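Report on the structure given below.
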Amino acid sequence: MRILLTSLLLTSSLFSQTQSDFYTREEIPLPEGEIMEISSLALMPGEKVAVATRRGDLWICSGAYGDDLSKVTWEKFAHGLHEPLGMFYKDGSLYLSQRPEFSRLEDTDGDGSADVFETINSDWGINGDYHEFAFGSSLDKNGDVWIALCLTGSAKADSDWRGWAVRITPDGKMIPTCSGLRSPGGIGMNAEGDMFYTDNQGLWNGSSSLKWLKPGSFQGNPTGNKYHKLANLPVPPEVKSGSRVLTEHLKYPEYIPPAVVLPHGDVGQSPTGITLDKTGETFGPWKNQLYIGEQTHSQIQRVCLEKVNGIYQGAVFHFLEGFEAGLIPLSLDNEKGIIFTGGSNRGWASRGKKPFTFERVKWTGKTPFEIQTMHVEKDGFTLNFTEPVDPATAADPANYAMKSWTYILQKSYGSPKVDESTPTVTAAQVSPDGLSVRIKVDGLVRGNVHYLSVPGLKAASGIKLWHPDAYYTLNEIPE
């Protein structure tokens with residue numbers, strides 16, 4: 001009996017997949033005795049990492065790339081900053097998006113600490129409210145920096161331009177660009193250079209989501225609409241409470257629906273930083289996909305996007321987990337294939353039990369069996385896989401389960417799942433190489449999240465999917 005049990009366990013392990021098979025997560029030692037609630041990261045020359053904290057300290061970390069993390073050293077570069085939530089390095093300077101301003105810091109005398117503190121722009125308002133965060137991007141294709149400005153207390157707009165995304169041009173001018181934001185948690189670009197931000201569930205946000213900051217667009221929350229008057233901009237839409245995103249989008253084309261809804265509870269609860277994989281497979285087979293941090297669940301999710309009829313949409317997949325605190329910034333070194341991340345559980349509980357953390361993730365070189373991408377068709381989806389599928393399980397429609405739903409667009413907090421339906425997979429066609437499956441779906445619902453679960457699908461090698469679930473936001477159905 002013992003021999004049989006051991007044999008069964010060994011057989012089971014051969015066909016199971018765990019995160020450590022594919023990605024190595026390691027904690028990076030922090031400065032002794034310091035409170036390091038990490039809010040911003042920037043990669044610097046010489047394999048150094050700039051690390052800023054919510055409490056306003058800025059450190060330079062050396063050795064974070066090394067094989068022996070016990071040799072990590074820290075040097076304080078600046079202090080007294082005001083909650084920096086966005087940072088990048090360029091031409092010898094660090095640029096930071098702080099709560100009240102966009103700034104440049106430089107060390108001109110080479111002593112290891114900043115001696116230049118330049119305010120580039122401070123044209124938005126603050127009033128001391130804890131929630132008036134300002135999340136900043138790196139440079140976009142035009143050299144602009146985008147800053148997503150949280151509402152006051154997450155429900156009001158008591159300071160100028162709260163609930164807007166603004167751009168700071170290379171000459172320091174602020175351009176109000178998008179309205180309708182609620183509670184951003186991070187901001188970043190996709191492979192095409194378009195800007196996205198993560199917005200958290202709450203007023204006018206039935207669930208958290210990844211949203212496209214199309215210039216001139218409205219993002220769904222009308223609380224800060226009044227500030228259009230400050231720059232003589234067109235009046236943003238006044239959407240109807242109790243409606244649906246698709247209904248209001250059809251009435252107001254400038255209202256851009258969320259590109260990818262992150263279903264509350266199913267895919268985290270508090271999305272944060274965004275980083276783009278343009279590694280050319282130094283971090284796995286996810287080129288041009290986005291990674292999104294998650295504060296509450298201490299995770300990183302994976303997103304693949306596509307544009308249909310001029311609107312972004314796509315799928316989110318579970319990816320990495322087990323981080324030691326709630327994640328805030330993410331930064332992927334695309335050359336070395338390392339994600340650096342950090343965060344805090346301050347104010348919001350997280351699955352990670354430590355008060356703050358600084359960690360890195362490396363790819364082991366082994367590729368998991370996963371749904372690599374999910375693309376919509378006029379009557380279903382095409383699923384692409386990281387290795388050939390088993391034709392028998394992949395061609396059986398019974399192995400594909402789907403549900404769909406949406407959320408109420410309302411001025412009260414959040415929303416239950418509503419307008420639920422059960423689309424049916426009626427056929428599944430496997431490609432000759434086994435790397436893709438075209439599924440035909442009866443009952444696609446425009447405007448709904450489509451949840452696909454395929455736990456019975458196997459690879460030709462016999463292993464099951466590492467993550468058998470996908471959540472696709474269907475804003476548009478191709479003709």
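No value in this document is a laboratory result; all are computed from the given coordinates. If you're wondering where the values come from, they're calculated on a predicted model, not measured in any experiment. Every residue, glycine among them, receives a Cβ derived from its backbone with ideal geometry; neighbour counts consider all protein chains shown.
Would you mind calculating the gained length between Asp111 and Ser431 on full extension (0.36 nm times residue separation, minus the Cα-Cα distance), in nm to one decimal?
Gain on stretching Asp111 to Ser431: 109.2 nm.
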Could you work out the relative contact order of the range 369-479? I mean the mean sequence separation of Cα pairs under 8 Å and 6+ apart, divided by the number of residues, in percent.
33
Under 17 Å from a point placed 7 Å out from the Cα of Asn142 along the Cα-to-Cβ direction: which residues of the range 222-260 have their backbone N that close?
231-234
Relative contact order for the chain: what is it in percent, counting Cα pairs under 8 Å that are at least 6 residues apart?
12
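Based only on other Cβ atoms within 10 Å, what is the fewest-to-most ordering of Tyr291, Tyr413?
Placing the least packed residue first, the sequence is Tyr413, Tyr291.
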What is the distance in Å between the Cα centroid of the range 202-256 and that of the range 30-103?
34
What spacing in nm lies between the two simple spin-label points modelled at Thr18 and Ser421, each 7 Å away from Cα in the Cβ direction?
4.2
Which part of the range 57-86 falls in the paramagnetic zone of Ser122, meaning amide N under 19 Å from the point 7 Å along Cα-to-beta-carbon?
57-58, 78-86
Hey, got the dipole for the range 24-363? About the Cα centre, +1 on K and R Cβ, -1 on D and E Cβ, debye to the nearest 20?
1300
Putting +1 on Lys and Arg Cβ atoms and -1 on Asp and Glu Cβ atoms, find which of Ser122, Ala231, Ser137 reaches farthest to the positive end of the dipole of the range 109-251.
Ala231
What list of ³J(HN,Hα) couplings, whole Hz, do you get for the range 151-167 from phi and the Karplus terms 6.51, -1.76, 1.60, once you set θ to phi - 60° and write x for glycine and proline?
5, 6, x, 6, 9, 10, 10, 8, 10, 4, 6, 5, x, 10, 10, 10, 10
Stokes-Einstein diffusion coefficient of the chain, Kirkwood radius over Cα pairs, 25 °C, 0.890 mPa s, in µm²/s
106
Roughly how many nanometres apart are two label points built 7 Å out from the Cα toward the Cβ at Ala155 and Thr73?
5.1
Cross-link candidates for Lys141: which lysines have Cα within less than 21 Å, leaving aside residues fewer than 8 places away along the same chain?
Lys90, Lys173, Lys211, Lys214, Lys278, Lys287, Lys307
Points 7 angstrom from Cα along the Cβ direction at Glu32 and Ile311: gap in nanometres?
5.8
